[in-house]
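Novice: Sharing a structure with you now.
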DNA sequence: GCAATATCGCTACCTGGGTTGCGCAATTGA
DNA sequence: TCAATTGCGCAACCCAGGTAGCGATATTGC
């Protein structure tokens, strides 16, 4: 895949990409997905609508690009303390979700809206390429988390007869479930409960062999 | 809340509601959410567009109504065998999700689309009333499942020191996570793994399940 | 300098969700 | 029978996502 095509013809205005993404991010965080209009983004970026569409073929693509850019790739550590490391990881996930959840919403205290998170999920459902894209964005971090579990199992901190991928799902799944379905809060106490529940059965049992 | 207002004026055509919902359901299952147009639903139902909007103020409301109608309220049993009862419950949930997931998609074998499920989640995020509505649709069934866990705890089949609501999240959350985020399949083997993982740490430490 | 190429901005347009206004139809109450 | 009320179908309209065509502009290669 040649990243650079033959540089014939008028080159793209690289700065336009930046201005568009910045305008889109600002409008997204302030107004939310629905109220963000392409015309407004283009206008605020000082760019024609067609220029924008030459880069991102749909509004969904633009928003996913914005969200992807907002994900800073903080590495998760393997300190040897699984509970602490998992806590660190889940807090990163929860922070990202909670930020997106509130985007564009008024400060109504007990909103149950999934906000932008649900729109991203819907965008991924509408366009297969966006699904693979956002999955790729989180792939590294998720792989690190699963590696965390695997390494814990290797050193005897977790049972060796369990599927770490499934264990991972039981750690992360509830967060998305709360954000996208029930609307309940995803705070630190909840994360602790989730980790407790997942690790409770994952510890090697010396009392009775499995 | 008077369900019946004063029946003054021309009464609503009850059959129109039925025809609209049927047309919407058919078009939704065949074409999916995006390709379903309100004009087409109205046309196929033999109804003016305004008549449709008098009943459901947005496309989201209509689709949620359709999906709510498709949820038949199958009671879940408490036979005393938690694993069997949970399997029964999770299969109901998975069946519903998988049906919605495939709605309107061509028969491409390995699609990862969340399909209608993601659109429902997004609709709930856009309109607060729809969020409470769909939650109400599943409230009974979910309450039964949680009651299942509570009753198992009471009779000593589960530990008594755990939060059954959290345990419930760890059972159901992974299914939604796979459907809405990863796109991985949610089949019976996966359900077994999830139940295994959740129950492994939930058994009382002195008990041995058969 | 000049052809070829590709972007840019602009305008006009199509589509589908959603609204408005109006004349007509169906019901209730007097 | 007649007024009040409410639903219905129709047509026109607004708005935002997305597309198409075009002249102008900026680059590469000769």
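Novice: Assign one of three labels to the protein assembly as shown, namely rounded, prolate or oblate, based on the Cα gyration tensor with a ≥ b ≥ c the square roots of its eigenvalues; rounded applies when a/c is under 1.5, prolate when it is not and a/b is larger than b/c, and oblate otherwise.
Specialist: In terms of gyration-tensor shape, oblate.
Novice: Using a label point 7 angstrom from Cα along Cα-to-C-beta, what distances in nm, from shortest up, separate residue B:50 from the other copies?
Specialist: 3.9
Novice: Taking each residue of B:156-169 in turn, how many C-beta atoms of other protein chains fall within 10 Å of its C-beta, and what is the average?
Specialist: The mean count of partner-chain Cβ atoms within 10 Å per residue comes to 3.
Novice: Measure nothing but the geometry: give the 0 to 90° angle between the long axis through the Cα atoms of A:14-35 and the longest principal axis through the Cα atoms of chain A, rounded to 10°.
Specialist: It is inclined by approximately 70 degrees.
Novice: Over region A:34-131, calculate the relative contact order: mean separation of alpha carbon pairs under 8 Å at least 6 apart, over the residue count, as a percent.
Specialist: Once divided by the residue count of region A:34-131, the mean separation gives 21 percent.
Novice: Between region A:29-83 and region A:166-203, what is the separation of their alpha carbon centroids in Å?
Specialist: 26 Å
Novice: Sequence gap at least 6, Cα distance under 8 Å: using those rules, report the relative contact order of chain B to the nearest whole percent.
Specialist: About 21 percent, as a whole number.
Novice: Moving to a separate point now. What translational diffusion coefficient, in µm²/s and rounded to a whole number, does the Stokes-Einstein relation yield for chain B at 10 °C and a viscosity of 1.306 mPa s, taking the hydrodynamic radius as the Kirkwood radius over Cα pairs?
Specialist: Translational diffusion coefficient: 82 µm²/s.
Novice: Here's another thing I want to ask about it. Pairs of Cα atoms under 8 Å, at least six residues apart: use those to get the relative contact order of region B:81-185, whole percent.
Specialist: That works out to 34 percent.
Novice: What is the helix-to-structure angle for B:82-102, meaning the angle in degrees between its Cα long axis and the longest Cα principal axis of chain B, kept from 0 to 90 and rounded to the nearest 10?
Specialist: Helix B:82-102 and the main axis of chain B meet at about 30 degrees.
Novice: Can you give the helix-only mean residue ellipticity at 222 nm for chain B, where every DSSP H stretch with n ≥ 4 adds -39500 (n - 2.57) and the sum goes over all residues, rounded to the nearest 500 deg cm²/dmol?
Specialist: Value at 222 nm, helices only: -21000 deg cm²/dmol.
Novice: Still on this structure, I have one more. Over the C-alpha atoms of region A:61-132, what are the Rg and the largest Cα-to-Cα span, Dmax, in Å?
Specialist: Calculated on Cα positions, Rg and Dmax stand at 14.7, 42 Å.
Novice: Measuring nothing but label to label, 7 Å from Cα along Cα→Cβ, what are residue B:105's distances to the other copies in nm, shortest first?
Specialist: From this label point to the equivalent ones elsewhere in the assembly: 2.8 nm.
Novice: Same structure again: Can you list the distances in nanometres, one decimal and ascending, from the residue A:84 label point to the identical position in each other copy, with the point 7 Å along Cα to Cβ?
Specialist: Label-point separations across copies, in nm and ascending: 4.7.
Novice: How tilted is helix B:128-154 with respect to the longest principal axis of chain B? Cα atoms for both, answer in degrees (0 to 90, nearest 10).
Specialist: That helix lies at roughly 20 degrees to the long axis.
Any read-out appearing in this document is the output of simple, stated calculations on the displayed coordinates, not a laboratory observation. Because the structure is a prediction, the values reported are computed rather than measured. In this analysis, Cβ positions are derived from the backbone assuming ideal geometry, glycine residues included, and neighbour counts consider all displayed protein chains.
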